[in-house]
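**Q** Dropping a structure here in structure tokens format, bear with me for questions.
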Amino acid sequence: MTHQILKGKKGIIFGALDEKSIAWKVALKAREEGAIFTLTNAPIALRMGEINKLAELCDAKVIPADATSIEDLEKLFQESMDVLGGKLDFVLHSIGMSPNVRKGKSYGDLNYDWFLKTLDISALSFHKVMQTAEKADAMNEWGSILALSYIAAQRNFPDYSDMAQAKAVLESIARSYGYRFGKSKNVRVNTISQSPTKTTAGTGVGGFDVFFDYAEKMSPLGNASAEDCANYVVSLFSDYTRMVTMQNLMHDGGFSSSGISEDLVAQLTK
Ligand SMILES: NC(=O)c1ccc[n+]([C@@H]2O[C@H](COP(=O)([O-])OP(=O)(O)OC[C@H]3O[C@@H](n4cnc5c(N)ncnc54)[C@H](O)[C@@H]3O)[C@@H](O)[C@H]2O)c1
């Protein structure tokens, strides 16, 4: 069922790697709701070629950009405006990567060059995206910019390692840039704190299956899927949410407000 709530809106979607990616589901949903957009990912991720299938389904151009490179981002924003025929109404930052997590480094034995890479890719890139957009005057009034976060920014999840710090910085950048972009252009900036989701980035974290099941049992509504997340993202790009800004929005089936659940009590008393 489509309501065309994004009809006439233009944007950029970062981070669709394969059909499990949250950004992939967002692209399909945004298209269904009437949006036009460009798709982007790091050149190395594009080599897999999967994104071309999505580009075809969404009638979207793919523009390579490493989200840590200002030069790439400047080209991306300029080319997107050229291809789409004007300024943008939405941007999705759906990017995360930690070399320390990927290479199984323990939290007491972090490689600090990699830690800086984690922060650059997973958090600073969000600032770079917005600073580039602002300098290029690429956003329309009342536009919406979103990034994806995780509750490890507020609570400890040991295997999430230095990504926890990256998410805390990401959420803080949303507040600081949200103020700035709100004052100058009425552009809103938020993060969505999403349930554990079975994607490449998600399942790369140690113990993922266990905390996926734990979160499922803790949350009265169960875990939010990537499709549920796409629906939420689309609502936040629409004009129905124009006054929501500088927020970290929990999209987790109730996990963040739960202490214990009957399901877990039953399991632990077995
Ligand atoms: N999967 C989960 O459990 C979960 C939960 C909460 C939040 N998130 C967040 O959702 C977002 C999307 O992740 P996903 O779960 O869809 O996994 P994913 O692996 O499909 O997406 C991560 C994306 O980041 C891209 N990326 C990495 N380095 C980049 C760079 N330098 N420049 C540009 N792009 C780069 C990857 O190519 C990939 O497309 C991430 O921010 C992630 O932390 C995921």
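What follows draws every value from the coordinates through simple rules; no lab data is involved. Fair warning: this is a prediction, and the values are worked out from it, not measured in the lab. In this analysis, Cβ positions are derived from the backbone assuming ideal geometry, glycine residues included, and neighbour counts consider all displayed protein chains.
**Q** Assuming 0.890 mPa s and 25 °C, estimate D for segment 122-175 with Stokes-Einstein, Rh taken as the Kirkwood radius over Cα pairs, in µm²/s.
**A** Taking Rh from Cα pairs, D becomes 201 µm²/s.
**Q** Continuing with this model, one more query. Full extension from E71 to M48: what is 0.36 nm times the residue separation minus their Cα-Cα distance, to one decimal in nm?
**A** 6.0 nm
**Q** Here's something else I'd like to know. Mind listing the Cα extents of segment 203-270 along all three principal axes, in Å, largest one first?
**A** Rounded to whole Å, the extents work out to 49, 26, 20 Å.
**Q** Same structure, new question: When the distances between all Cα atoms of the chain are binned every 10 Å from zero, what whole-number percent does each bin get?
**A** Percent of pairs per bin, in order: 7, 30, 37, 20, 5, 1, 0.
**Q** Taking the Cα centre of the chain as the origin, how large is its charge dipole in debye, to the nearest 20, when only Lys and Arg (+1) and Asp and Glu (-1) carry charge on their Cβ atoms?
**A** Working: 29 positive and 32 negative charges, 88 e Å.
It works out to roughly 420 debye.
**Q** On to the next question. Please compute the modelled spin-label separation between L268 and D59, points set 7 Å along Cα→Cβ, answer in nm with one decimal.
**A** Spacing of the two 7 Å Cα→Cβ label points: 5.3 nm.
**Q** Contact order normalised by length for segment 10-268, with contacts defined as Cα pairs under 8 Å and 6 or more residues apart; what percent is it?
**A** Normalised by residue count, the contact order of segment 10-268 is 19 percent.
**Q** Counting other beta carbons within 10 Å of each Cβ, put E171, E216 in order, fewest first.
**A** Least to most surrounded, the residues fall as E216, E171.
**Q** Something else: Run the reach check for K61 against aspartates and glutamates, Cα to Cα strictly under 14 Å, same-chain hits fewer than 8 apart removed. What comes back?
**A** Once the sequence-local aspartates and glutamates are set aside, what remains near K61 is E50, E79, D82.
**Q** Right, here's the next one. Once you have the Kirkwood Rh of segment 74-172 from its Cα pairs, apply Stokes-Einstein at 37 °C and 0.692 mPa s and quote D in µm²/s.
**A** On the way: Rh = 14.7 Å.
The Stokes-Einstein estimate is 223 µm²/s.
**Q** Subtracting the Cα-Cα distance from 0.36 nm times the residue separation, let me have the gained length for F157 to D18 in nm, one decimal.
**A** 47.5 nm
**Q** Using the alpha carbons of segment 136-222, what is the convex hull volume per residue in cubic angstrom, as a whole number?
**A** Each residue corresponds to 125 Å³ of Cα convex hull volume.
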